[in-house]
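Right, one structure below, let's go through it.
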Amino acid sequence: MTAAQPEGVQTSPAFTPRVFSGIQPSGGLTLGNYLGAIKRFVDMQADDFETIYCVVDLHAITAKLLEPDALRQQTRELVAGYIASGIDPTKSILFNQSQVVEHTQLAWIFNCVARVGWMKRMTQWKDKAGKNQENASLGLFAYPALMAADILLYHATHVPVGEDQKQHLELTRDIAIKFNHDYGTEFFPITEPVIEGAATRVMSLRDGSKKMSKSDPSDASRINMTDDADTIAQKVRKAKTDPDALPSEAEGLERRPEARNLVNIYAALAEQSVEAVLRDVGGKPFSEFKPMLSDLAVERLSPISGETARLMLHPDEIDAILRGGADRAREIATPILKKTYDIVGMVQG
Ligand code: AQP
């Protein structure tokens, strides 16, 4: 927990299972976003869950303001990437955050529930604000309260995310617990993070201690979902490794972060366990393993990048999908915000 749990808090009553997650249109999608998040979103769509997937455009301007045309383009590209990866907008609710104003309205309430001390402990705040915290935006500082609102506005019970978002999910739980406690209610669920699979934390190809990220200044650090086959092969060939051959067992990857990262990526793309992959490739040098990895990445990613490019030829259709998704999202969000205001004591006409 990021904050002390108030005494006497009860866990949530049963809520209808509902999945919510989002991705920022802060740049093009990376392999990290795909393996850590989108692939899991698609898997959960097949389960017996109501699924709500969001393009969190309000979050995308917290680290820095983007060129308006770039934000519009990246928003549409993210929608295209979601659909090309298997999100079906007739099964899942797919929309962009700014079209459902209830997100920011609930975030305000949560700004008043969350404590400054909780926010200051967020590693993403520390990483992104760096040494220049005085100059960082207030939005970056308050980011986790908006994220809690994104999730709790739908009474989401499960949130699939990569490992880097675990702390924000814990803060979401803390906000729900404090709200429920302060108002003597059990209105908000205590959401479960779903962090599963071989690639919950895909690392930079240039530095095995750093997360692969859309906003890393080095393009060679990541595989973009729109990279062509030659670019993928070149990035994998140049990926940092060590001089030893691959081990036959997972323990042999300890203290070898770059080797572990490439094996994890392979396992996630092949939908195999790390152990099964190492049974096949143990003893091989990287000069043999890297071409296997780039071939597999191209095989898996090129249909997605091709379909993304095709969908991007029809921006009006993408906008219509977002409008329809926002209408469906509002049907769930509006009564939950109204009830929240009522609990807080806001007089509604
Ligand atoms: N490297 C990663 N490995 C596994 N999962 C990852 N995710 C991001 N990077 C990795 C997961 O993708 C989802 C969306 O993330 P986001 O766009 O909301 O923000 P982020 O986590 O900050 O992702 P980036 O790519 O690093 O964006 P920037 O550079 O803008 O900050 C989340 O579920 C995240 O866990």
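Just one residue in the set L313, L337, L322 is more than 18 Å from A107 (Cβ to Cβ) and open to solvent by less than 60 Å² (accessible area, probe 1.4 Å); that residue is L322.
If you take the residues of the range 13-51 that are charged (D, E, K, R) and assigned to a strand (DSSP E or B), which of them is least open to solvent (accessible area, probe 1.4 Å)?
Within the range 13-51, the first condition is being charged (D, E, K, R), and the residues that meet it are 18, 39-40, 43, 47-48, 50.
Subset that is assigned to a strand (DSSP E or B): 18, 50.
Working: R18: 41, E50: 72 Å².
Among residues in the range 13-51 that are charged (D, E, K, R) and assigned to a strand (DSSP E or B), the one least open to solvent (accessible area, probe 1.4 Å) is R18.
Quickly run through the range 255-271 and pick out the residues that are closer than 17 Å to K210 by Cβ, open to solvent by 20 Å² or more (accessible area, probe 1.4 Å) and under 24 Å from the mean Cα position of the chain (by Cα). Selection gives P257, E258, R260, N264. Do we have any residue at all in the range 332-345 that's of a type in the set (A, V, I, L, M, F, W, C), without any contact (Cβ under 8 Å) to a residue 60 or more places away in the chain and out of contact with any strand residue (DSSP E or B) (no Cβ under 9 Å at 6 or more places or on another chain)? Scanning the range 332-345, I find no residue that is of a type in the set (A, V, I, L, M, F, W, C), without any contact (Cβ under 8 Å) to a residue 60 or more places away in the chain and out of contact with any strand residue (DSSP E or B) (no Cβ under 9 Å at 6 or more places or on another chain), so the answer is no. Taking the criterion of being within 24 Å of the chain's Cα centre (by Cα) and of a type in the set (A, V, I, L, M, F, W, C), the residues of the range 213-238 that qualify are A220, I223, M225, I232, V236. Each residue in the range 139-187 was checked for being farther than 21 Å from V100 by Cα, of a type in the set (F, W, Y) and open to solvent by less than 10 Å² (accessible area, probe 1.4 Å), and 1 pass. Of the residues I190, I195, the single one that is surrounded by 17 or more Cβ atoms within 10 Å (Cβ to Cβ), of a type in the set (A, V, I, L, M) and away from the ligand (no atom under 11 Å from the Cβ) is I190.
Residues in the range 214-232 that are in a loop (DSSP other than H, G, I, E, B), buried (at least 20 other Cβ atoms within 10 Å of the Cβ) and of a type outside the set (K, R): I223, M225, D227.
Kindly indicate whether G252 is assigned by TED's automatic domain parsing to the domain that holds L146, open to solvent by 10 Å² or more (accessible area, probe 1.4 Å) and more than 25 Å from H158 (Cβ to Cβ). So G252 does not fit the description; no.
For every residue, the table says whether it meets (1) touching a Ser or Thr at 6+ places or on another chain (Cβ under 8 Å); (2) hydrophobic (A, V, I, L, M, F, W, C).
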residue: V42; (1), (2): yes, yes
residue: A46; (1), (2): no, yes
residue: E50; (1), (2): yes, no
residue: V56; (1), (2): no, yes
residue: R76; (1), (2): no, no
residue: G86; (1), (2): no, no
residue: K91; (1), (2): yes, no
residue: Q97; (1), (2): no, no
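Would you confirm whether any residue within the range 177-189 is touching a strand residue (DSSP E or B) at 6+ places or on another chain (Cβ under 9 Å) and either modelled with pLDDT of 95 or more or farther than 28 Å from G27 by Cα (or both)?
Of the residues in the range 177-189, the ones touching a strand residue (DSSP E or B) at 6+ places or on another chain (Cβ under 9 Å) are 189.
Applying the additional criterion that residues be either modelled with pLDDT of 95 or more or farther than 28 Å from G27 by Cα (or both) yields 189.
Yes, some residue in the range 177-189 is touching a strand residue (DSSP E or B) at 6+ places or on another chain (Cβ under 9 Å) and either modelled with pLDDT of 95 or more or farther than 28 Å from G27 by Cα (or both).
Somewhere in the range 118-128, is a residue surrounded by 14 or more Cβ atoms within 10 Å (Cβ to Cβ), farther than 26 Å from G325 by Cα and aromatic (F, W, Y)? Yes, the conditions are met somewhere in the range 118-128.
Within the range 115-134, residues that are touching a residue at least 40 places away in the same chain (Cβ under 8 Å) have Cβ atoms under 8 Å from residues that are away from the ligand (no atom under 16 Å from the Cβ) in these pairs: R115/A3; G117/A3; W118/T2; W118/A3; W118/D174; R121/T2; M122/T2, counting only partners at least 6 apart in sequence or on another chain. Considering the conditions (1) surrounded by 13 or more Cβ atoms within 10 Å (Cβ to Cβ); (2) over 27 Å from A84 (Cβ atoms); (3) of a type in the set (V, I, T), V347 is excluded by exactly one of them, (1).
The values are calculated or read from the model by the stated rules, or taken from the named source; none is laboratory data. Computed from a predicted structure; not experimentally measured. A quick note on method: Cβ atoms are made from the backbone with ideal geometry, for glycine too, and the neighbour counts reach across all protein chains shown. Heads up: the accessible areas ignore ligands, DNA and RNA and are worked out on the full protein's heavy atoms, side chains in. Shrake-Rupley method; radii C 1.70, N 1.55, O 1.52, S 1.80 Å.
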